Structure formats: structure tokens, C-alpha cells
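Please treat every number below as a calculation from the coordinates, not as lab data. Computed from a predicted structure; not experimentally measured. Methodologically, a virtual Cβ is constructed for each residue, glycine included, from the backbone with ideal geometry; neighbour enumeration extends over all protein chains shown.
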Amino acid sequence: MTSTILRTDFEKSVANYWNTNQDDPVNLRLGEVDDLYHHHYGVGPYDPSVLDGPAETREKRIIAELHRLESAQADLLLDHLGPIRPTDMILDGGSGRGGTSIMANQRFGCEVDGVSISEYQVGFANEQAARRGVSDRVRFHFRNMLQTQLPSDTRQAIWTNETTMYVDLHKLYGEFARLLKFGGRYVCITGCANDVKGLRSKAVSKINEHYTCDIHPRSDYFQALAANGLVPINVVDLTEATIPYWQLRAESEVATGIEEAFLTAYQEGSFHYLLIAADRI
């Protein structure tokens, strides 16, 4: 079973990274705030007052604020999915610990499937759905999002939240085009390299190495979307909006050392944080 899902050495290395980083304090500490666990970053200004006040509660305030920013990012993504009815089915490509899928079900009341190549993440996310009593509507699968095994023309919306840097975009969007109904919506939030200022910088290379990923240039997204009948309807540059998250995280006890690379890459202009919404035609 595993060999049919993890087909390349790179996929195996990515799965191993996420399977063995089970105690990552960033995702776990932030998720413990309200039992909603994400695997992405945040947007929006942070409340500077969290850095003031009693020292003994400073870290607790920072963690809660970082979690607020990452949930705000997920809400922003869901805002762009278009009208979703309770009878619709939607898909989370690279679903992590399941936070955005659970938020989508809470907002729309629809069925949500999530797929991940990390068996640990799938088990964690399914436990979360069961604890919330929504496992009949929110399901997570140990599958490859390049080959989901789900029926064609069944999804009203699909999203990827910081997961596209692990896959070939043309293969991914071919699969999503197969799954989406005509007029269905795909939304992506991702970091991507700046074609104009150089496809790679030292900071971007450091991010690649840290997360065992392969960051795509911005142009690759639009070429792959167009080649697979996915037409952008909205593109939002979130680069400035995500910088405060990284600045605050650098002040926290959950900082991993990669914060400087993200801040350098965003501030020097070699890296963008984009939201892309595209319709299936």
C-alpha cells in the first residue's frame, strides 16, 4: 500500500520528515490554544501588547497571537472558495493535522476529504474529527494528492495551503482538474520564488533545505494552471501581510531558527507569499 502512495525517493523523504516530526512545538503549542491544529503560517498585523505585560505570561500571549494569525490565514483561504453548499464535497490537498478542513466543515457544513502522504498526520487529523463528532463529514486519507483515487467531477472546491512546493505542479493540477466540477474553484496559498529578482536566493535555498521541499518560481503556477483548464480569477499578494507573523514568531520560544530566512527572503523580494484562486473551465 505504502509503495503505491509514496512512489519516489523524494516523496518518501517528505513523508518521513512529517512522520518523524511529531513533536514539532510550533504546530502543537499553537494548536493547543483551541484544539485546532494547523500546518501553515499566518497573516495580518499582530497585537503589539502581547510583548508587554507580565513576563511570566508573555510566552502564552505570543503563542495565542500566533495561533490567531494562522487561523486568520485559513479563514482568508476559505473566503475565496466561492459559494459552498452543505451538499457540496470539497478537498484539502496536503491536509496536515486537519485544522483547515475542520474549519471548512464548521463554516459550510459540507463534506470534506483531506489527503496526506504522512500516515501520522492522517491519524492525528482523523482523531480530531472524531473528537469533534464530525468524522462522518470530515475524512482524512493516506493518499498522494497527485493520485487521490477519488471520483472525477465530484468536488466543488479544492485547496492547497503551503503544500504545492512538494509536488510537480502540472501533475497536481491535472489531478485537480479531473476532480473539480465545471466552474469549481481551486485556491492556493503558497510561498514562491520571484522570477524577476532571481529564482533562488540563499534565503530561499535555506527554506528548501529546512523543509525538504522544492519551492517553485511564481511563473510555474500560472503556466501549470493554464495548461490544465484552471483560470485565475483572483491573485492576492500576501507577502507584506505575512511578515508580522514571522517577526512575532522570532520573538517566541517556538522559534526554530528558520524565521530569519523567511524574513530575509520576503524583505529582499526574492520570495512571495501568494493566494491564487482559479476556476475550472
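A few notes on this one:
- Cβ-Cβ FRET estimate between Ser135 and Val196, R0 fixed at 41 Å, reported to 0.05: 0.35
- Backbone HN-Hα couplings from phi across the stretch 32-48 [Karplus 6.51/-1.76/1.60, Hz, Gly and Pro as x]: 5, 4, 9, 6, 10, 9, 10, 9, 8, 9, x, 9, x, x, 8, 6, x
- The modelled label-to-label distance between Lys181 and Gln223, using points 7 Å beyond Cα along the C-beta direction, is 3.3 nm.
- Put simply, the amide H of Ile158, placed in the peptide plane, has neighbours under 5 Å in Leu91, Arg185, Tyr186, Val187, leaving out anything fewer than 5 places away on its chain.
- Maximal additional length on extending the Ser152-Ile233 stretch stands at 26.9 nm, based on 0.36 nm per residue less the C-alpha distance.
- At 1.567 mPa s and 4 °C, Stokes diffusion of the stretch 45-86 via Kirkwood alpha-carbon radius, µm² per second: 107 µm²/s
- The value of relative contact order for the stretch 9-280, using C-alpha pairs under 8 Å at least six residues apart, is 20 percent.
- Extension gain (nm, one decimal) between Lys171 and Glu260, 0.36 nm per residue minus Cα-Cα: 28.8 nm
- Label-point gap, in nm, between Glu209 and Thr8 - each point 7 angstrom along Cα→Cβ: 2.2 nm
- Here mean projected area of the Cα convex hull in nm² was calculated from the structure, and among (1) 20.1; (2) 22.6; (3) 14.0 it sits at label (3).
- Within the stretch 146-240, trypsin sites (Lys or Arg not before Pro) in DSSP loop having at most 12 other beta-carbon neighbours inside 10 Å: Lys197
- The chain: most fluctuating residue of Ala224, Ala177, Ala55 per GNM, C-alpha cutoff 10 Å: Ala55
- The residues neighbouring Arg155, those whose beta-carbon lies less than 12 Å from its own, together hold a net charge of -2 under the Lys/Arg +1, Asp/Glu -1 convention.
- At an R0 of 35 angstrom, the distance between the Cβ atoms of Asn21 and Ala55 translates into a FRET efficiency of 0.75.
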